[in-house]
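Trainee: Have a look at this one.
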Amino acid sequence: MEIIFILSSPAREENVGAAARAIKTMGISGMRLVNPLCDHLGERARATAHGAEDVLERTLVYGNLLEARDDIPFLAGTAAKKRNIREDRHPLDRLPGILLSKGAMLDRVGVVFGGEESGLSNREIDNCDILTTIPMAAKYPSLNLGQAVMVYAYTLSEISLNLESKKQKVASGEELSVVREKALQVLDDVELSEGHIIYRRIMERLMMLGRDDMHLFHSFCKYYLKKYHGRVK
């Protein structure tokens, strides 16, 4: 499973460099930036990266989160503050299990972090499949961006540092996208639009399903599409 860390609107070179160093030490090499407010190849970024300059040089830059996650079938958002937008905020220590439960269906996952001042925007949170958080004893002071990336990278090392584990016969992130598309078709047919109060909850819980349950839902959709749309795929 390839893990990609995405930093949205980072403002300080030092934090970008620290993020690059943190993910490399934990066996993660993919980093993307969305609308950065600093130079990720600047002198301070390189100095803080200290041995992870190659991660900075391979970093891709995008104009918005949708573009950055275009080839990523599953995106986990990060948030320190509780918001009313979504009730479920999964503790970070549960994230590896959630990802591994997808089995061969998930070959690439993204973890997105907001900027230093205000974190992820409401629109960016809406583009995430689940929302995760680091439980903390005190609301303030919170972890800064570089520290948060390190905690996430360490926690996900359960996945990233076990690359020699038994390989799955099939590993296609496209399968997860197909299930999402079929679910959207069903919701559209029953006129449950994106603005409906339970729309986001349904889609989030769907993305939480394990591999076996996801396959079961996929099979149901085949029967549904055949009966109501005259097609199977």
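Trainee: Using the Karplus equation 6.51 cos²θ - 1.76 cosθ + 1.60 (θ = phi - 60°), what ³J(HN,Hα) coupling, rounded to whole Hz, does each residue of the stretch 50-64 give in order, writing x for Gly and Pro?
Mentor: Karplus values, whole Hz, x for Gly and Pro: 6, x, 10, 4, 5, 5, 4, 5, 8, 5, 9, 10, 10, x, 8.
Trainee: Considering only the other residues whose Cβ falls under 15 Å of the Cβ of LEU176, what net charge follows from Lys and Arg at +1 and Asp and Glu at -1? Mind showing how you got there, number by number?
Mentor: On the way: positive: ARG69, LYS102, ARG108, ARG180, LYS182, ARG205, ARG211; negative: GLU2, ASP70, ASP71, ASP107, ASP129, GLU174, GLU175, GLU181, GLU204, ASP212, ASP213.
Neighbour charge sum, excluding LEU176 itself: -4.
Trainee: Separate question: Which of the helices in the chain meet the span-like rule: DSSP H, Cα axial reach of 20 Å or more, Kyte-Doolittle mean at least 0.0? Can you show the working numbers first?
Mentor: Details: long enough: 145-160 (22 Å, 0.86); 174-189 (23 Å, -0.28); 211-229 (26 Å, -1.05).
Helices passing the filter in the chain: 145-160.
Trainee: If you average the sequence gap of Cα pairs under 8 Å that are 6 or more apart and divide by the length of the stretch 1-86, what percent do you get for the contact order?
Mentor: Working: 131 pairs, mean separation 26.4, N = 86.
Reported as a whole number, the value is 31 percent.
Trainee: What's the FRET efficiency of LYS226 with ASP88 using the Cβ-Cβ distance as r and R₀ = 41 Å, to the nearest 0.05? Before the final figure, lay out each step's value.
Mentor: Details: r = 33 Å, r/R0 = 0.80.
Efficiency computed from Cβ-Cβ geometry: 0.80.
Trainee: Separate question: Would you mind working out the magnitude of the charge dipole of the chain relative to its Cα centre, with +1 at each Lys and Arg C-beta and -1 at each Asp and Glu C-beta, to the nearest 20 Debye? Mind showing how you got there, number by number?
Mentor: Working: 32 positive and 32 negative charges, 144 e Å.
Around 700 debye, computed over the chain.
Trainee: Farthest toward the dipole's positive end in the chain, which of ILE72, HIS90, LEU209, given Cβ charges of +1 (Lys, Arg) and -1 (Asp, Glu) about the Cα centre?
Mentor: My answer, from the dipole projection, is LEU209.
Trainee: Using the structure shown, list the pairs from LYS24/LYS102; LYS139/LYS182; LYS102/LYS226; LYS102/LYS227 with a Cα-Cα distance above 30 Å, or answer none.
Mentor: On the way: LYS24/LYS102 24 Å; LYS139/LYS182 40 Å; LYS102/LYS226 26 Å; LYS102/LYS227 28 Å.
Long pairs (Cα-Cα over 30 Å): LYS139/LYS182.
Trainee: Taking square-rooted eigenvalues a ≥ b ≥ c of the alpha carbon gyration tensor, is the stretch 12-53 rounded, prolate or oblate, where a/c under 1.5 means rounded and, failing that, a/b exceeding b/c means prolate? Mind showing how you got there, number by number?
Mentor: Values: a/c = 2.40, a/b = 1.30, b/c = 1.84.
Here the stretch 12-53 falls in the oblate category.
Trainee: Count the net charge of all other residues whose Cβ sits under 14 Å from the Cβ of ARG32, scoring Lys and Arg as +1 and Asp and Glu as -1.
Mentor: Working: positive: ARG58, ARG69, ARG108; negative: GLU2, GLU57, GLU67, ASP70, ASP71, GLU124.
For residues surrounding ARG32, the net value is -3.
Trainee: Next question. Percent of Cα-Cα pairs more than 16 Å apart in the stretch 174-229, please. Write out the running numbers ahead of the final one.
Mentor: On the way: 622 of 1540 pairs.
For the stretch 174-229, the fraction of Cα-Cα distances above 16 Å is 40 percent.
Trainee: So how do 214-224, 192-202, 145-155, 59-69 stack up, highest first, on mean other-Cβ count within 10 Å?
Mentor: Values: 214-224: 14.2, 192-202: 11.6, 145-155: 20.3, 59-69: 16.5.
So the order, starting with the most tightly packed, is 145-155, 59-69, 214-224, 192-202.
Trainee: Need the C-alpha centroid separation for the stretch 67-140 versus the stretch 1-56, integer Å.
Mentor: 18 Å
All of the numbers you see were taken from the coordinates with simple rules; none came from a lab. This structure is a prediction, so every number in the text was calculated from the model and none was measured. All Cβ positions, glycine included, derive from the backbone under ideal geometry; neighbour counts span all protein chains shown.
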